[in-house]
Amino acid sequence: MASLGRTQPPQQAHTPTCPSPLLSLNTTPSDGQPSSSQLSQLLQPLHSLQSAKYGVKLEDSFAHDIFCRTLVPSLWLDSSLVVCQVSDSFLEVSGGCRREQVVGLHTDDLFGQRVIIPSLGSAREAIRSAQELKKPYEVEDVQPDGKTIWTIRAVPIYRHDQLRYVQMELKDTTAEHQRYLDLEERVSINETFRILVETVKDYAIFMLDPHGNVATWNQGAQTFKGYAKEEIVGKHFSSFYSQEDCDNGKPAMELETALRDGRVEDEGWRYRKDGTRFWANVVITPVYREGTLIGFGKVTRDLTERRAAEARLITAYEEASKLKSEFLANMSHEIRTPMHGMLSALTLLLDTSLDPNQLDLARIIEESGSVLLQVINDILDYSKLASGCFSISSDIISVSDIIQSVFRSYQKSEPPTIRLEIKLDPKLPKAAEGDSLRYRQIVQNLMSNATKFTDEGYVRVNANLQEENEDSYLILTEVIDTGIGVLDGSLGSLFIPFTQFDNSATKRYKGTGLGLSICKGFAELMGGNIGFRPNADHRGSIFWFTARLKKVKLKHISVSQGNYEVTAINSSNSPLEDMKLAAVKRRVLLAEDNQINQKVMLKMLAGLGFDNIDLAADGREAVNMAAKLPPPYDVILMDINMPILDGVGATREIRNAGVWTPIVAMTANALKGQAELYIAKGMNDYISKPVDRNLLVKALLNCLKHHGPDQWPAPLALSLSGIDLTEPSTALNPTE
């Protein structure tokens, strides 16, 4: 900025303390300045202000208060830019100078040197602009700290178009400037947000008035819904809903919910202008201004493609689950088929006369085969539980009988260093409805773990009636041991699949890590739970589980034998002896394609007392041999996977021929649900491979029963005559 021309100030003989600026001019009346008489006339109204020539003091006068006591920091310059007068407030904010140090100085010598406010550059700009424009001019003067801002206002005073004085006022506008910047920022943000909302195309973002009418519209809303802004603004937002939703009052309920809860979110079908629909996610939020509702913000997303992708994902998952089930069924069949031949042949081998060494080796094979079979069963059970396709059957069971049966099986094999104990609550129901197999499996698994991890001390089984209501019992079963216990760090992973406490190469205890996880699944399916706590009396563990069993409605049970299947023979003979008695003069058809399994099953059936056994190598041959009247066979053992015609197809044709001979499914496909499927297809029972001889005996006795005890040999009929058919808990299951 070019420097303003500088004129030397006239010589002054005396500087008044605080005279009126108009009387401080050292000029004579000839140069146009007011005379004493003129000043008297001018100042007479100002509360008897004394007229005075140059140098007269006007202390405590009106002029003194105006020029010296004003709260607005001010100073006055003559036409040559020499300071004529300053206010006390200016001296205070400008650095603390005294009046006599300031009055009489030129602006070039004052600003930036004697006073800190304003800066010389800002002062020059304000004065020059005011002179050029001939009107007040304001300049912002930013202080060196970069935060404080003073506004300089220069007011030119003219007489006869000649500059006489310049009045300068200073104002601290730091706060005002900050408010302006904040407002400017908000305006900028609002404008940016407005542009964003109006131009975004992936979301429909618009406002509703308090009554639900559309107030604003953006590009995304136009894209989603097909309405131009002028077509939809002012219309109710229910235009986007189906007629059913409108009839049910859904739009109004969403606004009410938003007001009550602060927001509402919904997914559903919304409709476009052309009538097509899209799957939308909608969020409605009430908008308030100073506590007054001004409308609702509405954000809509088009999730049609996501919904379609989810549907495809579900379909793919279901297909994968189906493939997984088919794979497991196939693997089960492929593994169990050779195991059936091996273990069944081993069973027959153990029935022969073996020397001690041979018997020991055979027992090793039997034990190893049982372990392998248990591993396969665990994997299949876990897979079924994980896929959610496992269901619980409903039989009439006795909890005491199940626990005692498992207990007896361990009594025979436990070392003398372990004491087995059992304690059964006398309040336990004699009969209840539940899944005996799964209940037994849990007890057996917990007993197996307890005996495996206990070297000395005891293993105790407790069973108590924990709760009873009108419809059910809640049974608590505990297995307590004095074994190695469970480390605190392992408690959280006890029931997690494939988890073992020791995974090192030198671990002592073997297993898949699936047992407890499977038990947990079974317990939950039976309406109970499972857990662990340390043995408070000794080192060791307490594993417990609960199961809810339905009460047996005895009034619906008929004592007629025709309504029951015999599941146990209460006779003085062993089941094997009973089987041999029942097999006399009975004809059996074995449908089996595997040659090894044919040989094994023929020998096993012969060992059970059957001397009239026919063999069919495929399903078609089985149909040709069995679909005759009168039925030529007393029982049929039907393999499922056979060439030409499978077991299910063969059963269907036999039943269609009017032959109702009992058929037992015998397959290596052990997946849950297969038994129900086979029975639904017309079969009477189901045995998985490898065939357990005891289960085979049980199934055959059940089936042969359908021919009536009067047709059985006399010794077996006599042994059955002692069965109390009013005690279903010990021998009988309803067929309904």
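Throughout, read-outs are computed from the coordinates displayed, never taken from laboratory work. Note that the structure is a prediction, hence the values are computed from the model and not measured. Note that each Cβ is placed from the backbone with ideal geometry, even for glycine, and that neighbours are counted across all protein chains shown.
The range 314-371 to the range 423-471: how many Å between their Cα centroids?
Taking the Cα centre of the range 423-471 as reference, the centre of the range 314-371 is 28 Å away.
Go ahead and collect, in residue order, the members of the range 137-164 whose backbone nitrogen is under 12 Å from a label point 7 Å along the Cα-Cβ direction of LEU71.
none
How much net charge surrounds ASP245 when only other residues with a Cβ under 14 Å from its Cβ are counted (Lys, Arg +1; Asp, Glu -1)?
On the way: positive: LYS250, ARG270, ARG277; negative: GLU244, ASP247, GLU254, ASP266, GLU267.
Neighbour charge sum, excluding ASP245 itself: -2.
Between SER490 and ASP471, what length in nm is gained on full extension when 0.36 nm per residue of separation is reduced by their alpha carbon distance? Walk me through the intermediate numbers first.
Working: separation 19, 0.36 × 19 = 6.84 nm, distance 3.77 nm.
Stretched fully, the SER490-ASP471 segment lengthens by 3.1 nm.
FRET efficiency for VAL93 and THR192, Cβ-Cβ distance as r, R0 = 56 Å, nearest 0.05? Intermediate values should be presented prior to the final figure.
Working: r = 39 Å, r/R0 = 0.69.
Given R0 = 56 Å and the Cβ-Cβ separation, E is 0.90.
Assuming 0.36 nm per residue, please report the length gained on full extension of the stretch ASP182 to TRP279 beyond their Cα-Cα distance. Please report the intermediate quantities before stating the final value.
Working: separation 97, 0.36 × 97 = 34.92 nm, distance 4.13 nm.
Result for the pair: 30.8 nm of gain on full extension.
List the residues of the range 394-423 whose backbone N lies under 17 Å from a point placed 7 Å from the Cα of ASP360 along the Cα-to-Cβ direction.
None, by backbone N distance to the label point.
At THR174 and ILE596, where each label point lies 7 Å from the Cα along Cα→Cβ, what is the point-to-point distance in nanometres?
9.7 nm
For the range 391-552, what is the charge dipole size about the Cα centre, in debye to the nearest 20, if Lys and Arg each add +1 at the Cβ and Asp and Glu each add -1 at the Cβ? Walk me through the numbers before you get to the answer.
Details: 19 positive and 19 negative charges, 86 e Å.
Result for the range 391-552 is approximately 420 debye, rounded to the nearest 20.
With a point put 7 Å past each Cα toward its Cβ, work out how far GLN143 is from LEU615 in nm, to one decimal.
Once both label points are built, they end up 11.3 nm from each other.
Using the crude model of +1 on Lys and Arg Cβ and -1 on Asp and Glu Cβ, and no other charge, please compute the dipole size for the range 312-384 relative to its Cα centre, in debye to 20. Walk me through the numbers on the way to the answer.
Details: 6 positive and 11 negative charges, 82 e Å.
Dipole magnitude for the range 312-384 comes out near 400 debye.
Any idea how far apart ASP247 and THR304 come out in nm if each label point goes 7 Å out from Cα toward Cβ?
Rounded to a tenth, the inter-label distance reads 2.4 nm.
On a 29 Å Cα-Cα criterion, which of the cross-link pairs LYS430/LYS698; LYS603/LYS705; LYS201/LYS322 come out too long? Write down the numbers at each step before the final one.
Details: LYS430/LYS698 22 Å; LYS603/LYS705 23 Å; LYS201/LYS322 41 Å.
Where the Cα-Cα span goes over 29 Å, the pairs concerned are LYS201/LYS322.
Taking R0 as 60 Å, what FRET efficiency do you get between HIS211 and ILE392 from their Cβ-Cβ distance, rounded to the nearest 0.05? Please report the intermediate quantities before stating the final value.
Details: r = 56 Å, r/R0 = 0.93.
With a Förster radius of 60 Å, E is 0.60.
Decide, for the range 250-295, between rounded, prolate and oblate: order the square roots of the alpha carbon gyration tensor eigenvalues as a ≥ b ≥ c, take rounded if a/c falls under 1.5, and otherwise choose prolate if a/b is larger than b/c, else oblate. Please list the in-between numbers first.
On the way: a/c = 3.01, a/b = 2.20, b/c = 1.37.
Prolate.
Put +1 on the Cβ of every Lys and Arg and -1 on every Asp and Glu Cβ in the range 200-302; which of PHE237, ASN218, PRO286 then has its Cα farthest towards the positive end of the dipole?
Going by the charge dipole, the pick is ASN218.
Taking other Cβ within 10 Å of each residue's Cβ, how do LYS599, LYS427, LYS580 sort, fewest first?
Details: LYS599 15, LYS427 10, LYS580 18.
So the ranking, lowest neighbour count to highest, is LYS427, LYS599, LYS580.
Give me TYR165, TYR180, TYR678 ranked fewest to most by other Cβ atoms within 10 Å of their Cβ, as a rough exposure proxy. Show your work: numbers first, answer last.
On the way: TYR165 18, TYR180 11, TYR678 24.
Least crowded to most crowded, the residues run TYR180, TYR165, TYR678.
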